[in-house]
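A short worksheet on the structure shown next.
None of the figures in this text is laboratory data; all of them are computed from the coordinates on show. Everything quoted here is computed from the prediction, not taken from an experiment. Quick reminder, even Gly has a Cβ in these numbers, built from the backbone with ideal geometry, and neighbours come from all protein chains shown.
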């Protein structure tokens, strides 16, 4: 039996490892995707004051602290049984919208986009943001940097600090904004909308305008029919900050819709012997293995699935793209809503539609007369909820749930987090397996493009190993090792 | 010469916090001869480029988990060794060299002179706020190394330029 290992070159950060085991016929037997274990998160949190948790948990990740901060503070609202004033909720969502714009922008131009803009078969050294600039022009590099900069300024203004903001407090927000600040935010939001539309145009021209790329998106390699999860507002529209978690099946029928508080009634976690990371699945269906379809408990929570669970978008410009997205990708309208799209590479397109709706929502909130209200805090005065506090948001990489339990003094006794990437662990494993199956035929390895085709399968999820493992990794170089039955290394493919 | 010292890492992941600890001690040891700014940063890639924008010289301090050296080893790294440190690159955007280059191309004034001080660590996979003994013992050497780099007049820009040239070709 041949054993193929995709491994980082060195023991550098993050060392995720992909192992492919071939069966006797030379086909793909099993594919294991492992992330290294991090120890002691629960012990680190237990015994601390509950109000420290949002800031501590936001330290888990240098990239998406805003998501952890808000999920954490919503868990505290619940734990302390306090309702933030409307202006505080709006400030939180405004802050979060600015974060979404930077995060989705960065992913598209620096990480996901280069596969399409530079090309999936281009050398790895060119498949980066520099390659994008070479292809599209220097101006796009300037625009990406300006976009990040203006939104970082807003995050700093609202959150108190640029990195690891502290503005969120149980019961509200630490400060209100004045008219002058509101005007700055409004101007930034307008630029964000232009930029998001411009980004969608690039996607149209370069990706949708190229038959080879469209074929790749529609190819079987990156097709998975799993259930979709995402947060929706009262009208079943995409919302990143608040709402109910909705799950639709592979045909678009609603399976469940629940307040984040009830997550444990709907989501169970599967333990596999080969990894310490758990696989969440839908309790109502049960764990049926790493399989597609309505009978499987596997679901995904990504930009693509957030669109799939929504009946429509909450903002007008994004709605136009939403319609185009589903009609272009062959979806039909059933009972007034589009059937889900399951082409995983379409996640990149969905992410850009989310970028646009985040920008539009940011403008709506900046124009809201209540946004400058000085009433941004309800001081918690109730008792500590005995059954714990639960809060969730849609992190860019999937539904993020924080669950804190504390004693009557507010000292933490238990912590549970289900992060975006964890939701997708089963789906990522399945995507990797499918990519491997297409690239390994009768024991023969199609070396050309193997690394990148497999990487594309997990890059579309933009997995955050820091969050999944509660670690902080950096770049992850990969190595594919092919071993014969005796374990001898017969072939090595390297990408650094 | 306007200098910035960037202490990188995760302060709640045991030894991964060493870069920040060195930065804090450099700040305390700072004297009037130096106009260096000292900051802490939790994510690499484009975030570093944005942090060092506007400075003539940047000194990055970060943990390494290469396994090539004993824990507590302090190394001055060349630009092409940037990926040896834990937090210089960002898995969600780009490597350090690429990040500086995209900034430069886009008209951001990024330093010509970028130095990296890496400290090999023992444990960066357990939650904790205390450095292990070997790494704690290496902090004074790393601080001295950063202070020496800060005192150096002018910079050896050739190395960075050479790396960038390679990248462009």
How do B:119, A:454 line up, fewest other C-beta atoms within 10 Å first? A:454, B:119
For chain B, what does -39500 (n - 2.57) per DSSP helix run (n ≥ 4), summed and divided by total residues, give at 222 nm, in deg cm²/dmol to the nearest 500? -11000 deg cm²/dmol
Return the distance in nm (one decimal) between the two label points of a simple spin-label model at residue A:233 and residue A:368, each offset 7 Å from Cα along Cα→Cβ. 0.9 nm
Relative packing of peptides B:143-150, A:200-207, A:400-407 - highest average C-beta neighbours within 10 Å first: A:400-407, B:143-150, A:200-207
Mind checking the angle between helix A:347-366 and chain A's longest principal axis? C-alpha axes, 0 to 90 degrees, to the nearest 10. 10 degrees
Over the Cα atoms, compute the radius of gyration (one decimal) and Dmax (the largest Cα-Cα distance, rounded to a whole number) for segment A:233-359, in Å. 15.1, 47
Two-site FRET efficiency, residue B:109 against residue A:409, from Cβ-Cβ distance with R₀ of 41 Å, rounded to 0.05: 0.20
So for A:147, A:312, fewest C-beta neighbours within 10 Å to most, what's the order? A:312, A:147
If each residue's Cβ is checked for other Cβ atoms within 10 Å, how do A:354, A:179 rank with the fewest at the top? A:179, A:354
Give me the one-decimal Kirkwood hydrodynamic radius in Å for segment B:3-168, with the sum taken over alpha-carbon pairs. 15.6 Å
Degrees, to the nearest 10: A:316-328 long Cα axis against longest axis of chain A: 20 degrees
Return the calculated 222 nm mean residue ellipticity for chain A, to the nearest 500 deg cm²/dmol, obtained by summing -39500 (n - 2.57) across DSSP H runs with n ≥ 4 and dividing by the residue count. -12000 deg cm²/dmol
Measure nothing fancy, just the Cα-based angle from helix A:450-459's long axis to the longest principal axis of chain A, in degrees from 0 to 90, nearest 10. 20 degrees
Considering the Cα trace of the protein assembly as shown, what is its radius of gyration and what is Dmax, both in angstroms? 24.0, 73
Partner chain Cβ atoms within 10 Å, averaged over the residues of B:4-14 - can you pull that number for me? 3
